[in-house]
């Protein structure tokens, strides 16, 4: 056995190191592998010749600008991507000038931002290669991050400034009346800060997918009734009728504490925007395998343009009124996160000046578990 290996090694040492000439089949196979690799890239890739005709386009390029990649081959670049800026930069690349720059273009019915890199292929094979990276979601996330920091700093700064001013007034004044007036207000602002930080933590958990649910057999009416009872003094003081309307017994497999948090946020939100003489009705029902919780109010309603955004964090339709009522624009975003974590859905209907109805559906039968009725 050792003799065979020795002879093979000796032959290998004596063989000249000359690369084998690729055959037509091996070359075709390599090109096919390369085409499949480029075709699978999430980055858009186009090759154009010196007459600006498309020689190749991968799936990502077609998806970015909405053209058929197979039909585009052989057509002028402008038929695939009707953009004068790209045509100009490709012409520059054909003269040997590479470029990397952002490009904003209309695609799929919305404005999207791309990072477009264009480079010459070289003198051996005249033409240009175009790389297209869709950065719309990345820029949107960066903008959302900046807005989040801005909103958080604003929401924290307001109560902190009030606390500072009131405590300075108490320290500077020896008057007992000033202490009795400002210290309770300062404590109320501290409570507001504690609540805000709690909301921020909940929002962070829902967005990161780390919201943990303690599932149990839950009676929705039993969850809702004590919450409405806790809001009754506040509703009576404001002159708003608050009523629970259970349509039928409903039991679900859910996190009772989180569902309580959902109802607290929805009722608190409705109460802040319902004037004296109005009403808030909380309905509990079930249809097929879905439990339904609906909170209706006869309040000021939500403008049509604002309705699609009310479940976004820090979104408020009228910030001046929200400041007066103490809302931070996090309550409904947290509600949506909790409902999503239960595999449910949330929707809102509203007419400005005629009230709002928010409907939550939660599956009674969860995948991988027994039915709970």
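Which members of the stretch 241-254 meet the condition of being out of contact with any strand residue (DSSP E or B) (no Cβ under 6 Å at 6 or more places or on another chain) and modelled with pLDDT of 90 or more?
Of everything in the stretch 241-254, just one residue is out of contact with any strand residue (DSSP E or B) (no Cβ under 6 Å at 6 or more places or on another chain) and modelled with pLDDT of 90 or more, namely 253.
Which one is modelled with the lowest pLDDT among residues in the stretch 313-324 that are closer than 27 Å to residue 228 by Cβ and within 24 Å of the chain's Cα centre (by Cα)?
The residue in question is 322.
Kindly indicate the residue of the stretch 333-347 that is touching a strand residue (DSSP E or B) at 6+ places or on another chain (Cβ under 6 Å) and surrounded by fewer than 16 Cβ atoms within 10 Å (Cβ to Cβ) and also modelled with the lowest pLDDT among those meeting that condition.
Of the residues in the stretch 333-347, the ones touching a strand residue (DSSP E or B) at 6+ places or on another chain (Cβ under 6 Å) are 336, 339, 342-347.
Next cut, surrounded by fewer than 16 Cβ atoms within 10 Å (Cβ to Cβ) only: 343, 345, 347.
Details: 343: 90, 345: 93, 347: 93.
Across the stretch 333-347, the extreme among qualifying residues is 343.
Can you give me the number of residues within the stretch 95-117 that are touching a helix residue (DSSP H, G or I) at 6+ places or on another chain (Cβ under 8 Å) and surrounded by 13 or more Cβ atoms within 10 Å (Cβ to Cβ)?
Looking only at that region, the number is 8.
Among the helices (runs of 4 or more DSSP H) lying completely within the stretch 69-133, list those that include at least 2 residues that are in the same structural domain as residue 58 (by TED's automatic domain parsing) and within 23 Å of residue 36 (Cα to Cα). Reasoning before the result, please.
Working: elements: 69-72, 77-80, 84-94.
Here the list reads 69-72, 77-80.
Is it the case that some residue within the stretch 249-272 is surrounded by 13 or more Cβ atoms within 10 Å (Cβ to Cβ), more than 29 Å from residue 363 (Cβ to Cβ) and assigned by TED's automatic domain parsing to the domain that holds residue 359?
Checked the stretch 249-272: at least one residue is surrounded by 13 or more Cβ atoms within 10 Å (Cβ to Cβ), more than 29 Å from residue 363 (Cβ to Cβ) and assigned by TED's automatic domain parsing to the domain that holds residue 359.
Pick from the stretch 52-94 the residues that are exposed (fewer than 13 other Cβ atoms within 10 Å of the Cβ) and without any contact (Cβ under 8 Å) to a residue 24 or more places away in the chain: which of them is farthest from the chain's Cα centre (by Cα)?
Ranking the candidates gives 74 first.
Cβ contacts < 9 Å: first residue in the same structural domain as residue 285 (by TED's automatic domain parsing) and touching a residue at least 60 places away in the same chain (Cβ under 8 Å), restricted to the stretch 221-246; second residue surrounded by 13 or more Cβ atoms within 10 Å (Cβ to Cβ) and assigned to a strand (DSSP E or B), any location; separation 6+ or different chain. Result?
Matching pairs, first to second residue: 221/244; 221/246; 221/284; 224/244; 224/246; 224/282; 224/284; 224/293.
The values are calculated or read from the model by the stated rules, or taken from the named source; none is laboratory data. Computed from a predicted model, the values in this text were never measured in an experiment. Methodologically, a virtual Cβ is constructed for each residue, glycine included, from the backbone with ideal geometry; neighbour enumeration extends over all protein chains shown.
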